[in-house]
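Read-outs throughout are calculated quantities, based only on the coordinates presented, and are distinct from any laboratory measurement. For clarity, every value in this text was computed on a predicted model and none was experimentally measured. Positions of Cβ are backbone-derived with ideal geometry, glycine not excepted, and every protein chain shown enters the neighbour counts.
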Amino acid sequence: MELLGIPSKRTLEFDFQAKLADLIDASFYQTSQSYAQDLEEIGKLRNDIARSNETSSETLESLYKYTAVLQQLQGKFPEDQIGFSWCQTISTKAHTREMYSIEWEKVNIYYNIAAMYSLLALLLPVSADNLNKQYQYYQIAATIFDQLSELSNKGNETAAIDGDTANSLKLLMLAQGMECFWFKAMKKEGGIKNTMAAKLTSQITKYYDEARVSAQKSPLIRNDWMRHMESKSRYFKAVTYYRLALNAQDDKQYGIVVKCLSETKSQLQKCNLELKDAFVKKVEALLADSIRDNDFIYLQVVPDDLPQTPAPLNMIKLLDFNTLIKQHTEKYMERRYFKTLLPLELIEACNAYNERQDQFVVEQIRTPIMDFNEKLRTLDAQKSLENGKLEVVTVNELSSLDVTLESMRTNNNYISSQLEFIERILNDEADTDKTLRAQYGTLRWELPESNTLNQGFRDRLQALKQYLAKGVEIDKDATELYSTVDRALLTNSTSQIPEKDDPLSVKVRDTSSKRDIFLAKVDAKSMSHRILKTLIDTYRESGEKVNQSAFEAKFQEHMTIFNEDLGRVREERRLNEDLLQELSSEEHTHVDDTPASDHRFTKRELYMVDFNHSLGLLHTVKDTAEQGIQFYRDLIASTNSLLVDVETFAEKRKTEKQQLSEQLSS
């Protein structure tokens with residue numbers, strides 16, 4: 001039958017097991033050691049596929065099994081973290097392409113499944129049962145190539161081949177499937193009617209013609225394949241007219257018989273298939289007899305035009321792609337890989353809900369309580385001079401502030417070194433581009449100039465440098481201000497003036513302390529009652545699908561744990577109003593902030609002025625340090641992000657330069 005088989009694509013072998021392990025360790029709560037068996041099995045499966053050249057049903061099953069694995073990986077892992085390289089083999093020019101995409105890997109496996117079906121069909125010996133199986137194999141292959149064609153036509157970057165190539169292969173598979181159907185029909189006892197046979201061969205011809213048209217647009221399909229498609233088209237066009245001739249003979253239309261047999265012979269003369277030889281002899285003998293009989297017996301006019309061919313009868317249809325894949329992978333989906341590994345989307349949802357919970361606690365509980373205390377302290381501050389009440393500052397607090405300021409300087413130095421490193425990478429990349437451009441010439445060195453491509457990176461680098469310079473200024477001001485703080489005065493507890501233990505002051509202090517304890521308990525509750533476990537249960541109950549609406553409902557239910565605390569906030573608000581009223585009503589509370597000109601400060605008052613001045617400076621430095629720590633966290637994150645982008649850019653440019661350099665040197 002002289003059928004074609006599609007060669008499988010080849011893939012570059014790499015340590016898939018190690019790549020997945022690194023991804024788990026870097027992106028998930030669990031460690032890769034917990035999934036050693038899964039990782040080993042998946043790594044071995046891909047390596048076996050990469051190394052195998054065997055055409056067998058076992059190889060086909062391995063491809064389906066790996067498809068099921070990839071479908072599971074897509075539900076667990078980020079799409080673009082591992083690179084896969086595939087090389088097309090249908091063309092004489094090898095071309096390797098790498099993409100960081102699990103979908104790209106899966107689509108290429110689809111291609112190889114279709115190719116494997118086409119190759120398995122060639123191995124089957126000719127028999128009625130095997131013709132049925134061949135027909136099914138070509139039908140499945142055509143269905144998959146149709147899916148690949150759709151992906152390409154939709155502009156999908158992960159398409160395994162271009163749309164014209166995929167469409168041509170689909171039509172080729174449909175043509176060969178129809179050929180199997182026709183051949184089996186011809187082998188039936190008694191055969192089939194000539195008109196029915198002509199309808200079938202018309203469809204086969206149509207498929208081969210359409211396959212050749214798409215092949216002519218394809219950048220991959222070879223000329224010998226296109227010549228084969230043309231020969232097949234001519235062969236089955238010859239068969240069509242041969243059957244029309246036999247039908248005309250039955251109807252005693254001998255002029256049409258001669259015309260159809262002449263066209264049959266003409267088509268076979270342009271056909272390069274080996275299987276035509278016996279057919280040619282048969283046609284030539286029948287044509288000679290028909291011409292002789294018509295010339296001497298029937299004397300019918302041979303028409304100038306050929307009779308119209310019957311409408312093609314299609315007996316092969318595409319299957320539903322998703323159903324097809326599900327039918328063959330369903331049994332492998334029972335083996336659940338990384339069963340307890342939580343998908344990134346679920347973790348991100350948990351993190352987002354945790355942030356919302358933290359924000360809720362701050363806005364609805366912590367901030368109001370702290371505001372209540374601040375109002376009490378502000379109003380009660382006017383009694384500080386009278387009561388000798390001082391804020392306690394410990395040596396540990398100052399030591400902690402020392403560490404914080406030192407950490408800011410360390411962060412500054414770290415960021416500075418990272419920015420210098422980034423700049424070196426950009427400069428080195430630009431220098432190599434300049435050197436190679438000079439070596440090969442601007443016209444031959446087709447890569448874009450580095451200064452054009454990396455301008456965005458340099459703009460980001462300059463902005464980070466400016467932010468860092470502002471950080472240096474702030475650090476310097478904070479350090480200088482901190483040096484003016486009287487540390488001995490603030491930490492010398494023996495110098496503290498005893499407080500006046502009036503009932504109202506005691507009540508204010510007790511209320512403030514109880515509130516601090518309450519806030520500590522709320523913080524502890526918030527940290528110990530996270531949404532993660534609830535969302536994991538919801539995720540598993542929904543068939544391991546991330547359902548955002550279900551998550552939101554669970555979160556709202558989860559947040560009811562703070563209802564009692566919200567009630568406490570309302571109680572504290574009422575209590576605060578009562579205390580503020582009491583403080584305001586005390587006759588001695590009000591003190592004129594502008595002392596009389598003849599007022600002379602006592603030692604107690606001077607002590608308090610010095611103490612509060614140093615304390616104010618200390619609070620200013622603390623606030624600056626807290627803001628500085630957050631500033632450097634953000635700056636480090638931005639710097640690391642730029643470093644990753646620049647390293648990726650430099651590595652990509654390095655590969656492009658090596659490839660172009662090798663191409664120009666060869």
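Tabulated data for the structure shown
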{"read-out": "Cβ-Cβ FRET estimate between Asp305 and Glu150, R0 fixed at 51 Å, reported to 0.05", "value": "0.80"}
{"read-out": "Loop-located trypsin sites (Lys or Arg not before Pro) in region 181-236 whose Cβ has at most 10 other Cβ within 10 Å (DSSP)", "value": "Lys188"}
{"read-out": "Peptides ranked, highest mean first, by Cβ atoms within 10 Å: ranges 113-126, 477-490", "value": "113-126, 477-490"}
{"read-out": "Pair-distance profile P(r), taking every C-alpha pair of region 1-98, with 10 angstrom steps and integer %", "value": "13, 42, 30, 12, 3, 1"}
{"read-out": "Residues with amide H under 5 Å from that of Thr11, placed H, sequence gap 5 or more", "value": "Cys87"}
{"read-out": "Where GluC sites (Glu not before Pro) fall in DSSP loop in region 315-348, at most 16 other Cβ within 10 Å", "value": "Glu334"}
{"read-out": "Label corresponding to Rg/Rh (Cα atoms, Kirkwood Rh) when calculated from the structure given, among (i) 1.05; (ii) 1.23; (iii) 0.97", "value": "(ii)"}
{"read-out": "From phi via Karplus (6.51, -1.76, 1.60), per-residue ³J(HN,Hα) for region 79-88 in Hz, x at Gly/Pro", "value": "6, 10, 9, 10, x, 10, 10, 10, 10, 7"}
{"read-out": "Qualifying trypsin sites (Lys or Arg not before Pro) for region 73-170 [loop in DSSP, other Cβ within 10 Å: at most 15]", "value": "Lys93, Lys154"}
{"read-out": "Kyte-Doolittle at least 0.0, axis length at least 30 Å by Cα - qualifying DSSP helices, the chain", "value": "102-123, 163-187"}
{"read-out": "Lysines whose Cα lies under 22 Å from that of Lys281, excluding same-chain neighbours fewer than 8 positions away", "value": "Lys187, Lys232, Lys237, Lys259, Lys265, Lys270"}
{"read-out": "Within straight-line cross-link reach of Lys375, lysines at Cα separation under 24 Å, skipping those fewer than 8 residues along the same chain", "value": "Lys383, Lys389, Lys500, Lys507, Lys514, Lys521, Lys622"}
{"read-out": "Under 5 Å, built H, 5+ apart or other chain: amide partners of Tyr100", "value": "Phe84"}
{"read-out": "Rounded if a/c under 1.5, otherwise prolate or oblate - region 42-123, Cα gyration tensor axes", "value": "oblate"}
{"read-out": "Global geometry of region 94-235, whether rounded, prolate or oblate, following the gyration tensor of its Cα atoms and the 1.5 cut on a/c", "value": "prolate"}
{"read-out": "Reachable lysines, given that their alpha-carbon falls under 28 Å from the alpha-carbon of Lys657 and they are not under 8 places away in the same chain", "value": "Lys9, Lys19, Lys93, Lys434"}
